[in-house]
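Colleague: One structure, pasted below without further comment.
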Amino acid sequence: MENGGGESMILQALANYYDRLVKAPDQDVPEPGFSVQKIHAEIVLDKDGNLVAMNDIQQEETIPPKTKKGKPKTKIVPRKVKVPFVEGRTSGVAAFFLWDNTGYVLGAQDKGKPERIVKQFEAFRNLAHEVLDDVEDEGARAVITFLDSREAGQTDAIEDFEEKFIGNNCVFRLDGEPDCFIHDHPAVRTAWLKHIDKSIERPTGVCLISGQADEPQARIHPVLKGVRGAQTSGAYIVSFNASAFMSYGKEYNDNAPVSERAAFAYTTALNHLLNAKKTEHQRMLLGDATVVFWSETPTRMESVLQMFIDPGAAAEDEGQEAHDGSVIGQLRTLLQAVRDGKEPPVTDLLGDEPDTPFYVLGLAPNASRLAVRFWLVSTVADIAERLAQHFDDLEMETQFDFESEFPGIWRLVLELAPARPNAEGRYTSKMDDVPPVYAGALARSVFTGEAYPESIVNRILGRFRSDGRVTHGRMALLAAHHRRALRKGRTLNIDSITKPSEVTVSLNPETKNVGYRLGRLFAVLEKAQQEALGNVNATIKDRFFGSAMATPATVFPRLLDLGQKHIAKAEYGHVMDRHIGEIMEGFEVADGTPPFPAHLSSDDQVMFALGYYHQRNALWRKKDKSPDAPQKTTGTEEAA
Amino acid sequence: MAFGVSLKVWGEYACFTRPEMKVERVSYDVMTPSAARGIIEAIYWKPAIRWVVDAITILNPIRFENIRRNELANKLPLSTVTKAMKDGVSPVEKFIETDRQQRASLVLRDVRYIIEAHFEFTGPDDNNDGKHLDIFNRRLAKGQCFHRPCLGCREFAAHFGPADCPDPVFPNGGPESMRPLPGVPDDKDLGWMLLDLDYDNDMEARFFPAKIDHGVVRPWKMEEAKA
């Protein structure tokens, strides 16, 4: 309990993730007191401090082509090396420890004043003495002897000294140790860390991340970069930049005691997640929130979750990068397995340990600070199960082939925006038109398995009324909302629908729900009008959909009357007539109440839209596609 | 525990702000002991006694929600007050319209807790334990308070009553209403949580490793907690 524990805390989980990253061999994550810098050359010394050689350690780097047809280029770049580092060199003379440019390391520089170069070299030598004088290490002794034997400005004694090294960064290496620089020697490292601890003069206290007492406290935390919309220079999670944020006379970060070490750890880990390359798939954008996720130990879920959340984008990525197309196929198989809850469970497919803790953190910018949009602690198995539930709830027959069975969250959010026709007459929506909280709320519902926010229903019903687009995405969202609400124990404001399965994927002719039947009726009447009149400027849908959905009694008698005229005019009117009769028969008219209620509840309005969508699909679907295939109606046994 | 009391508190919103994320507020998962103390003190407090929170039972599942609010950015400077005291005419005022900050908050929704606490005497005076206990329980039952208690932030009002009183989930109250609902985590580590401020010791913040144990958080004693 003293050390670990507290997995639910954001900064603590990040600090633990940092520990994992530092141990991972393939990650360039710096440790406290160290940083990754660009190094051009190495100075090789023997054990007696004599110079053996000066080698170029730059590397070739391939730059991927900018266009598909271009060829990859290669260029020579300095090698990235983890070196001892503390921030804070501006214009003055301040040396780094065991690495720097030749002006400091050798006292050799082709620009600047000679006396300044002498000072630089002395500063470098003094720092080395200060840190290494009491260290028993061959490498340390070699460097000290080498530095003591030199005069600033002396370059001629170095064989192999080439003009090209002038001004470049160098590190030291001991002859006969091919893969280890002198600053990596354990004794040297320890001495260096002790040196920085001494140089930080901060009050000590308990750290509320690690729980360790008597640690030097961080005054200002390192900056976080890579949250979309935040200031490019970076932003803070922990910061107290106005007087109203401070309590009990405490100033700045004394308001929240965090040790230097823990502050470094959590910011480094978070920056690593936020700035990961696109291929690493541990970061995504949802509305205005930047979302990162990770598991406590490496899992495959870490690398595929982004694809689950946004399968469309993954497919686009694949297309652009022109990998073999089978990846999309694999993803589809995986998504279908997830949705259908097939054995073996997804964690088996991925090969992950199901109980591994899994974290999701959503950050949104606010001024120079970052706000936490959501924070979830879960396990790999729970996340897989909730995603399965999410896709299961979203299942809805598609209208067109281009529509995805597995819409990503951002695509769903886009359905909440007004759809406007563009120059070519196709309807498009813009992300800017959706209040950003929807994306966060929806993502949270998906990850936690909670019901969707009610505001989503009202938003979509409003969209139906204003732009009249009854699309697959919108219907999938509404159906998912009803199914989740029912599963969470909310009773719909409807008498006939009580189970999630009764909100069907495609046309259910058996259901007695008034809203649903009215929606079906409306679709038939629309079809009748179209068959009679062809394409007209304003169809009954354009003019009456909203009012038919909300207040059927005022609209339907007139629509039915109009419908009869259309049917009389249309070539195959009797078919429509039969449809209308079929639907009307389904209304239960008890003791003389008219079949058209004065108004429908918002739950019933959703059923209206669903009935309309299903019936319309059934009417317009090409007969040759699947003439005899049994339609998927899971609620029939109940209604029959 | 002779002086033990227990009460139920609930509300639609709550924000027990974590100190490290108190600017863009993020709430702890559970009410902090100092917030519980604040509620009890709003109902009854005298200089002779000091309330100590023993246990906080979580009755409702932990749910979060995002909100954004405009809040004041700066405090009234001390110099304004001193100036006004000197010349007697300078205004002592602060306008939200001219000095505000929009702040996001991750707050708790629909919370319900049972707080168990006892009191200790601060000195030799007014040491009639029966009296203080009776006054507290009488005030609790009648719904009296010195100021309206809140759930972490002033704007999130706390409703309160005896532990078995009726509440929004159990309108009839009774022993059933004192048990956690399904969905409350049985055991969970919460990390380092603010215990309270040590007013005897330069108002130092003290922390303890909080955990939910069978649905209950038991705070450490002030002497044990880390500063």
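The values are calculated or read from the model by the stated rules, or taken from the named source; none is laboratory data. Note that the structure is a prediction, hence the values are computed from the model and not measured. Because the Cβ atoms are built from the backbone with ideal geometry, glycine has one as well, and the counts that use them run over all protein chains shown. Accessible surface is based on the protein model in full, side chains and every heavy atom, while ligands, DNA and RNA are left aside. Shrake-Rupley method; radii C 1.70, N 1.55, O 1.52, S 1.80 Å.
Colleague: Using a 1.4 Å probe on protein heavy atoms only, how many Å² of accessible area do B and A hide from each other, summed over both chains and rounded to 100?
Modeller: Values: alone 12720 and 32110 Å², together 41420 Å².
Chains B and A together bury approximately 3400 Å².
Colleague: Shifting gears a bit: Go through B:24-33, B:122-131 and give me the packing order, highest mean Cβ count within 10 Å leading.
Modeller: Details: B:24-33: 25.0, B:122-131: 10.9.
The densest-packed peptide leads the list: B:24-33, B:122-131.
Colleague: What translational D, rounded to a whole number of µm²/s, comes out for region A:432-486 from Stokes-Einstein when the hydrodynamic radius is the Kirkwood one over Cα pairs, at 20 °C and 1.002 mPa s?
Modeller: Working: Rh = 11.7 Å.
Rounded, D is 182 µm²/s.
Colleague: What order do B:97, A:136, B:120 take when sorted by accessible area (1.4 Å probe), most exposed first?
Modeller: Of B:97, A:136, B:120, the descending order of accessible area is A:136, B:97, B:120.
Colleague: For residue B:10, what accessible area in Å² do you get when you roll a 1.4 Å probe over the heavy atoms of the protein chains, rounding to the nearest 10?
Modeller: 40
Colleague: Quickly rank A:466-479, B:73-86 as a protection proxy: mean count of other C-beta atoms within 10 Å, highest first.
Modeller: On the way: A:466-479: 20.9, B:73-86: 12.2.
Packing order, densest peptide first, comes out as A:466-479, B:73-86.
Colleague: How high is the relative contact order of chain B? Use alpha-carbon pairs under 8 Å, at least six apart in sequence, and give a whole percent.
Modeller: 30
Colleague: Using a Cα-Cα cut-off of under 17 Å, which aspartates and glutamates could be cross-linked to residue B:211, ignoring same-chain neighbours fewer than 8 residues away?
Modeller: Those aspartates and glutamates meeting the cut-off are A:2, A:7, B:29, B:54, B:116, B:186, B:187, B:189, B:196, B:224.
Colleague: Continuing with the same structure: For chain A, give the share of DSSP beta bridges that are antiparallel, in percent and rounded to the nearest 5; count only bridges with both residues there.
Modeller: 90
Colleague: What would the Debye formula give as log10 I(q)/I(0) at q = 0.11, 0.19, 0.20 Å⁻¹ for the alpha-carbon point model of region A:406-549, no solvent?
Modeller: -0.48, -1.30, -1.38
Colleague: Here is a further query. So if I place +1 on the C-beta of Lys and Arg and -1 on the C-beta of Asp and Glu, and nothing else carries charge, what would the dipole magnitude of chain A be about its Cα centre? I want it in debye, nearest 20. Write down the numbers at each step before the final one.
Modeller: On the way: 74 positive and 92 negative charges, 632 e Å.
Charge dipole of chain A: 3040 debye, to the nearest 20.
Colleague: Further, regarding this structure: Using the Cα centre of region A:399-516 as origin and beta-carbon charges of +1 (Lys, Arg) and -1 (Asp, Glu), tell me which of A:427, A:478, A:498 is placed farthest towards the positive end of the dipole.
Modeller: Result: A:498, furthest along the dipole toward the positive end.
Colleague: Enumerate the aspartates and glutamates that residue A:82 could reach by cross-link, defined here as Cα to Cα under 15 Å, with residues fewer than 8 away along the same chain left out.
Modeller: The qualifying aspartates and glutamates are A:26, A:28, A:31, A:42, A:100, A:179, A:184.
Colleague: Mind listing the long-range amide H neighbours of residue A:212? Cut-off is under 5 Å, sequence gap 5 or more, other chains count too, H placed in the peptide plane at 1.01 Å from N.
Modeller: The answer is A:207.
Colleague: In the protein assembly as shown, what percent of the accessible surface is made up of carbon and sulfur (1.4 Å probe, ligands and nucleic acids excluded)?
Modeller: 50
Colleague: Above 18 Å lies some portion of the pair distances; for region A:12-56, what is it as a whole percent of all C-alpha pairs?
Modeller: 54
Colleague: In peptide B:61-67, how many Cβ atoms from other protein chains are near each Cβ within 10 Å, on average?
Modeller: For peptide B:61-67, the averaged partner shielding equals 4.
Colleague: Sorting B:51, B:220 by accessible area (1.4 Å probe), largest first, what list results?
Modeller: B:220, B:51
Colleague: Please identify the DSSP H helices in chain A that span no less than 30 Å along the helix axis (Cα) and have a mean Kyte-Doolittle hydropathy of -1.0 or more.
Modeller: Span-like helices here: none at all.
Colleague: Restricting to Cα pairs below 8 Å that are 6+ residues apart, what does the relative contact order work out to for region A:413-481? Please round to a whole percent.
Modeller: Across region A:413-481, relative contact order equals 32 percent.
Colleague: Taking every residue in B:13-22, how many Cβ atoms of other protein chains lie within 10 Å of its Cβ, on average? Walk me through the numbers before you get to the answer.
Modeller: Values: counts 0, 0, 0, 0, 1, 7, 9, 17, 12, 7.
Taking all residues of B:13-22 together, the mean is 5.
Colleague: Could you compute how much accessible surface residue A:196 exposes when probed at 1.4 Å, giving the result in Å² to the nearest 10?
Modeller: 20
Colleague: Taking only the alpha-carbon positions of region A:205-279 and ignoring solvent, what does the Debye formula give for the base-10 log of I(q)/I(0) at q = 0.21, 0.26 Å⁻¹?
Modeller: Calculated log10 I(q)/I(0) at the listed q: -0.95, -1.17.
Colleague: First obtain the Kirkwood hydrodynamic radius of region B:48-147 from its Cα pairs, then insert it into the Stokes-Einstein equation at 10 °C and 1.306 mPa s, and state the resulting D in µm² per second as a whole number.
Modeller: Estimated via Stokes-Einstein, D reaches 84 µm²/s.
Colleague: Continuing with this model, one more query. List the aspartates and glutamates whose alpha-carbon lies under 13 Å from that of residue B:142, not counting same-chain residues fewer than 8 positions away?
Modeller: B:134
Colleague: With no solvent and one point per C-alpha, what does the Debye sum give as log10 I(q)/I(0) for chain A at q = 0.10 Å⁻¹?
Modeller: Evaluating at q = 0.10 Å⁻¹ gives log10 I(q)/I(0) of -1.00.
Colleague: Starting from the Kirkwood radius over alpha-carbon pairs of region A:483-548, derive D by Stokes-Einstein at 10 °C in a medium of 1.306 mPa s and give it in µm² s⁻¹.
Modeller: Using the Kirkwood radius from Cα pairs, D works out to 114 µm²/s.
Colleague: Heavy-atom accessible surface, probe 1.4 Å, ligands and DNA/RNA ignored: which residues of region B:164-210 lose at least 20 Å² versus the isolated chain?
Modeller: Residues shielded by partner chains are B:189, B:191, B:192, B:197, B:203, B:207, B:209.
Colleague: At a threshold of 8 angstrom on Cα-Cα distance, excluding pairs fewer than six apart, so keeping six or more, what relative contact order does chain A reach in percent? Show your work: numbers first, answer last.
Modeller: Numbers: 1040 pairs, mean separation 61.1, N = 640.
Relative contact order of chain A: 10 percent.
Colleague: Give me the residues in region A:431-476 whose solvent-accessible area, probe 1.4 Å, is reduced by at least 40 Å² once all protein chains are included instead of the chain isolated.
Modeller: Those residues are A:444.
Colleague: Using a 1.4 Å probe on the protein heavy atoms only, what accessible surface does residue A:288 show? Give it in Å² to the nearest 10.
Modeller: Roughly 40 Å² of residue A:288 is accessible to a 1.4 Å probe.
Colleague: Could you report the protein assembly as shown's accessible area per residue, 1.4 Å probe, as an integer in Å²?
Modeller: About 48 Å² of surface per residue is accessible.
Colleague: In region A:214-250, which residues become less accessible by 50 Å² or more once every protein chain is in place, relative to the chain on its own, using a 1.4 Å probe?
Modeller: Those are A:243, A:244, A:245, A:248, which lose 50 Å² or more relative to the chain on its own.
Colleague: Further question on the same structure: Can you tell which of A:269, A:21, A:551 lies farthest toward the positive end of the dipole of chain A, using +1 and -1 charges on the Cβ of basic and acidic side chains (Lys, Arg; Asp, Glu)?
Modeller: A:551
Colleague: Let me ask you something else. Local charge sum around residue A:191 (other residues, Cβ-Cβ under 13 Å, Lys/Arg +1, Asp/Glu -1)?
Modeller: Details: positive: A:141, A:189, A:194, A:198; negative: A:130, A:133, A:134, A:136, A:137, A:184, A:197.
Local net charge: -3.
Colleague: Residue by residue through B:73-81, how many Cβ atoms from other chains fall within 10 Å of the Cβ on average?
Modeller: The shielding value for this peptide is 2.
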